[in-house]
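The values are calculated or read from the model by the stated rules, or taken from the named source; none is laboratory data. Predicted model, so just to flag it, every value in this text is computed and none were measured. Every residue, glycine as well, gets a Cβ built from its backbone with ideal geometry; the counts of neighbours run over all protein chains shown. The area values use the complete protein model at the heavy-atom level, side chains included, leaving out ligands, DNA and RNA. Shrake-Rupley method; radii C 1.70, N 1.55, O 1.52, S 1.80 Å.
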Amino acid sequence: MLDAIKALGLQIDDVRGQGYDNGSNMKGKHQGVQKRLLEVNPRALYMPCACHSLNLTVSDMAHSCVKAISFFGVMQRLYALFSSSPKRWKILLDNVPSLTVKYLSNTRWESRIKSVKAIRFQAPEIRLALLELSNSCDDAKSKSEADSLVSALENFEFLLGIVIWHDILFAIHMVSKKLQSKSMCIETTMNQIEGVINFFEKYRNEGFASSMNIAKNIANTLMPAIEILEFVKVADCFPMVSIAYRLLLTIPVTVASAERSFSKLKLLKTYLRSSMSQERLNGLAILCIEKDIVDEARFQSLKNSSMADRLNDHHSESKHEHAVDDPEAVASMVET
């Protein structure tokens, strides 16, 4: 380092500050680089990297808590399960199109906000992806792992941990990005550190209650009513809960489907079709209402099917000739 400073035309006696990462070989006060440079120039004051110090603080904090270790272990298992094959990753993308699970960095803890964020805002979708993976997987080990992770996501303590760690890492991430600015000075650094300390002090007193409410909301979107009813039926318990959910799922919320059927009649029974049989009207109505299914049907394949043969026989008996490609003929086919 001394040779490099001389090669750049700089004087070692003009150095007034030195900073490195928090590795012991660099910052060591007995044998580290900063100590050896101070022996050459006592005015080269050593300043530990604020970003590295903040990162190590979060890392030590997490490793001192058993709950935190278990929490991030579940997150790493999620990534390992889905990333083990392209087929499993596609299942994840089909259910979670925006934010995907990320690998947990062992050194840059503030970057773990991306991993936590994916689960914080998409816990129900990731749970559905795990269920689909469990149902489609033939490997007993992977199926067991998927079921285990589903149980972990359904654990309220884990959901609460997601909310708390997202808030913590989000605050750390914002401060860390600001500390990495080229124009950062000691005064601004101290203000940023004091700000995040004040945030944690306030969060310790007020943040837990709000995190509980957020976790409760995540838990209530986590399982649809129909799945809760199925669970109660399989468990064969809580009969009043079963009755309540059956009523909840049975009571009609809208009559849009029925009104839509009547709206189709205006398109079918015009002045050009003022008279037609009830059966024919029913057939045309079904074709219009179930238009998505009709669009997928291949009329050419229907010609060669036995259904088309029965349709032709029916028309021969009634002495009416219709082409199979005609929509009205298909309506008669549906009636048959």
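List of remarks:
- Evaluated at q = 0.17, 0.23 Å⁻¹: base-10 log I(q)/I(0), Debye formula over Cα of the range 161-265: -0.91, -1.14
- FRET E, pair Gln76, Ala140, Förster distance 25 Å, beta-carbon r, rounded to 0.05: 0.70
- Look at the dipole of the chain built from charges on Cβ: of Ile164, Gln18, Ser59, the Cα furthest out on the positive end belongs to Gln18.
- Zero-based 10 Å bins, Cα pair distances in the chain, whole percents: 4, 15, 17, 15, 15, 12, 8, 6, 4, 2, 1, 0
- Contour excess over end-to-end distance, with Cα ends at Leu2 and Ile228 and 0.36 nm allotted per residue: 74.4 nm
- Magnitude of the charge dipole, the chain, Cβ model with Lys/Arg +1 and Asp/Glu -1, debye to 20: 1340 debye
- Rounded percent of accessible protein surface that carbon and sulfur make up, the range 1-128, 1.4 Å probe: 59 percent
- Kirkwood estimate for the range 103-185, i.e. one over the average of 1/r between Cα atoms, Å: 14.6 Å
- The chain, accessible area per residue, ligands and nucleic acids excluded (1.4 Å, Å²): 65 Å²
- With viscosity 0.692 mPa s and temperature 37 °C, the Kirkwood radius over alpha carbon pairs of the range 137-207 converts through Stokes-Einstein to a diffusion coefficient of 217 µm²/s.
- Counting lysine pairs in the range 2-111 that sit 8 or more residues apart in sequence, or on different chains, and whose Cα atoms lie under 22 Å apart gives 5.
- In the range 83-227, taking the dipole from charged Cβ atoms about the Cα centre, the farthest positive-side position among Asn213, Ser183, Leu153 is held by Ser183.
- Phi-derived couplings, Karplus 6.51 cos²θ - 1.76 cosθ + 1.60 at θ = phi - 60°, listed residue by residue for the range 28-40: x, 7, 10, 10, x, 4, 5, 5, 5, 6, 5, 5, 7 Hz, with x used for Gly and Pro.
- For the range 89-131, a simple Cβ point-charge model (Lys and Arg +1, Asp and Glu -1, everything else neutral) yields a dipole of about 160 debye relative to the Cα centre.
- Within the assembled protein chains, the solvent-accessible surface assigned to Thr254 is about 100 Å², based on a 1.4 Å probe.
- Folded to 0 to 90 degrees: helix 208-222 orientation relative to the chain principal axis, Cα: 30 degrees
- Dipole magnitude (debye, nearest 20) for the range 60-117, charges at Cβ of Lys, Arg, Asp, Glu: 160 debye
- Reference-scaled alpha-carbon Rg (2.2 N^0.38 Å with N residues) for the range 62-207: 1.20
- In terms of its C-alpha gyration tensor, the range 42-81 comes out prolate, because a/c is 1.5 or above and the ratio a/b outweighs b/c.
- Proximal lysines relative to Lys264, as straight alpha-carbon distance under 28 Å, when same-chain residues fewer than 8 apart are discounted: Lys291, Lys303
- Glu227 exposes around 60 Å² of accessible area when a 1.4 Å probe is run over every protein chain in place.
- Between Gln18 and Leu45, Tyr46, Met47, the built amide H atoms are under 5 Å apart, and every one of these is 5 or more places off in sequence or on another chain.
- Nearest-ten-degree value, helix 239-250 long axis tilted from longest Cα axis of the chain: 70 degrees
- Across the range 1-96, Cα-Cα distances exceeding 24 Å account for 53% of all pairs.
- Spin-label model distance (nm) - Asp14 vs Asp60, 7 Å beyond Cα toward Cβ: 3.7 nm
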